[in-house]
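The values are calculated or read from the model by the stated rules, or taken from the named source; none is laboratory data. Just so it is clear, the structure is predicted and the values come from calculations on it, not from any experiment. Neighbour counts run over all protein chains shown; Cβ positions are idealised from the backbone, glycine included.
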Amino acid sequence: MDETGQNEAPPQTGVAPQAGPFVIVVGNEKGGAGKTTVSMHLIAALLNADKRVGAIDLDIRQRSLSNYIEHRRRWVGRRDIAMPEQILLEAPTGHSIMERQKQEADAFVNALGQLRTRNDFVVIDCPGADSYFARLGHAAANMLITPMNESFVDFDLLAKVDPETLTIEAPSIYAEKVWSCRKARAQADGGSIDWVVLRNRTSHIHAKNRQRLEDALDELSKRLGFRQVPGFSERVVYREMFPAGLTLLDLTEDETGPGLTMSHVAARAELTALLAALQLPGLTVERTEEAV
């Protein structure tokens, strides 16, 4: 794509695009943007809609999504709660880079292939860094969701800007990688990757910096071909639910689970807005709650 300045050939990932279940990849190359929180809430929302969901955690070191699902599994013994099907991947043991990459490609293709046969959706959570596993995941996506915090620190993930005028100078390495994956997908089967940038951990204060960031994102979206959707505000509730493996959709008003607060209701409204904006195939979203 000319506007990204990407001229080199797309990476050979060894993952051939396939028809079948919808694959959602949540990824960027920066930690702390809320990838795992977004992944788990998407999984819960799809399970709540009676969809069969597979999950892959490509962060072999931190395993945040795997730990989230394991916490959730423990909670199952106390409540009737839906669970995704997960296949765990292990770190490669090859002596050379080529050997390790082949092991990763074989493990990823095998896991994704198994989950495709039994599920309607597969959600893949990527690490906050560049890795071969992450590249494999990006190349297999039907939809790529890139969470970013509301700051120019995270904007740097997508593009470089002039420090004085904040005008866009060039796409980032990550944006070029995404474009390479999109180009490879189009060449392989004529398909496309729907790239979604999700503004996450937003504040309630409409500051001047926030408006400048919005303007820069609007301009960049036209150049790079992604769409923007609303994410989650900065709320303590997301961190509180992790130890129990719960999501906003698992909270109840009765004695069978943690109670609902006004903050929970407002956060649920944000989740509803996110699901509506994503427009996932076969998922009907009803806006039944109002933000507080």
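From the list R116, R100, R74, pick out the single residue that is assigned to a helix (DSSP H, G or I), in contact with a Phe, Trp or Tyr (Cβ under 8 Å, 6 or more places away or on another chain) and in contact (Cβ under 8 Å) with a residue 12 or more places away in the chain. Step through it out loud before you land on a result.
Details: R116 fails: in contact with a Phe, Trp or Tyr (Cβ under 8 Å, 6 or more places away or on another chain); R74 fails: in contact with a Phe, Trp or Tyr (Cβ under 8 Å, 6 or more places away or on another chain).
Within the list R116, R100, R74, the selection yields R100.
Tally the residues that are in contact with a strand residue (DSSP E or B) (Cβ under 8 Å, 6 or more places away or on another chain) and within 17 Å of R210 (Cα to Cα), restricting the search to the range 163-175.
2
Out of S192, S172, S180, which single residue is in contact (Cβ under 8 Å) with a residue 60 or more places away in the chain and not charged (D, E, K, R)?
Answer to the selection: S180.
Residue under question is D80, and the condition is that it be in contact (Cβ under 8 Å) with a residue 60 or more places away in the chain, among the acidic types (D, E) and not in a helix (DSSP H, G or I); does it hold?
no
Answer yes or no as to whether E169 is of a type outside the set (K, R), farther than 25 Å from F108 by Cα and surrounded by fewer than 18 Cβ atoms within 10 Å (Cβ to Cβ).
yes
Could you check the range 210-228 and list, in sequence order, the residues that are of a type outside the set (K, R), in contact (Cβ under 8 Å) with a residue 60 or more places away in the chain and either under 21 Å from C181 (Cβ atoms) or in a strand (DSSP E or B) (or both)?
L217, L220, L224, G225, F226, listed by residue number.
Quick one: count up the residues across the range 83-97 that are in a loop (DSSP other than H, G, I, E, B), of a type in the set (D, E, K, R) and within 20 Å of P21 (Cβ to Cβ). Walk me through it before giving the result.
Looking only at the range 83-97, we keep the residues that are in a loop (DSSP other than H, G, I, E, B), and these are 83-84, 87-96.
Checking the rest, the ones that are also of a type in the set (D, E, K, R) come to 90.
Next, only the ones that are within 20 Å of P21 (Cβ to Cβ) stay: none.
Here the count works out to 0.
Condition test on A33, is it under 21 Å from L274 (Cβ atoms) and modelled with pLDDT under 90?
Against the criterion (under 21 Å from L274 (Cβ atoms) and modelled with pLDDT under 90), A33 qualifies.
Determine whether E240 is assigned to a helix (DSSP H, G or I) and either surrounded by 13 or more Cβ atoms within 10 Å (Cβ to Cβ) or at pLDDT 80 or above (or both).
For E240, the condition - assigned to a helix (DSSP H, G or I) and either surrounded by 13 or more Cβ atoms within 10 Å (Cβ to Cβ) or at pLDDT 80 or above (or both) - is met.
Of everything in the range 159-197 that's of a type in the set (A, V, I, L, M, F, W, C) and part of a helix (DSSP H, G or I), which residue is farthest from the chain's Cα centre (by Cα)?
Among those residues, the one meeting the criterion is A188.
Looking only at the range 34-42, decide whether some residue is in a loop (DSSP other than H, G, I, E, B) and more than 29 Å from A175 (Cβ to Cβ).
Among the residues of the range 34-42, not one is in a loop (DSSP other than H, G, I, E, B) and more than 29 Å from A175 (Cβ to Cβ), which makes the answer no.
So E104 fits all but one of (1) crowded, with 17+ Cβ neighbours inside 10 Å; (2) modelled with pLDDT under 95; what number is the exception?
E104 satisfies all of (1) crowded, with 17+ Cβ neighbours inside 10 Å; (2) modelled with pLDDT under 95 except (2).
Please find, within the range 120-141, the residue that is nearest to the chain's Cα centre (by Cα) out of those that are hydrophobic (A, V, I, L, M, F, W, C), part of a helix (DSSP H, G or I) and closer than 19 Å to V196 by Cβ.
A134
Between a first residue in the range 141-153 that is farther than 18 Å from E234 by Cα and a second residue that is surrounded by fewer than 21 Cβ atoms within 10 Å (Cβ to Cβ) and basic (K, R), which pairs have beta carbons less than 6 Å apart while being 6 or more apart in sequence or on different chains?
Qualifying pairs under 6 Å: none.
Does the range 53-65 contain at least one residue that is surrounded by fewer than 23 Cβ atoms within 10 Å (Cβ to Cβ), touching a Phe, Trp or Tyr at 6+ places or on another chain (Cβ under 8 Å) and more than 23 Å from L274 (Cβ to Cβ)?
Within the range 53-65, one or more residues are surrounded by fewer than 23 Cβ atoms within 10 Å (Cβ to Cβ), touching a Phe, Trp or Tyr at 6+ places or on another chain (Cβ under 8 Å) and more than 23 Å from L274 (Cβ to Cβ).
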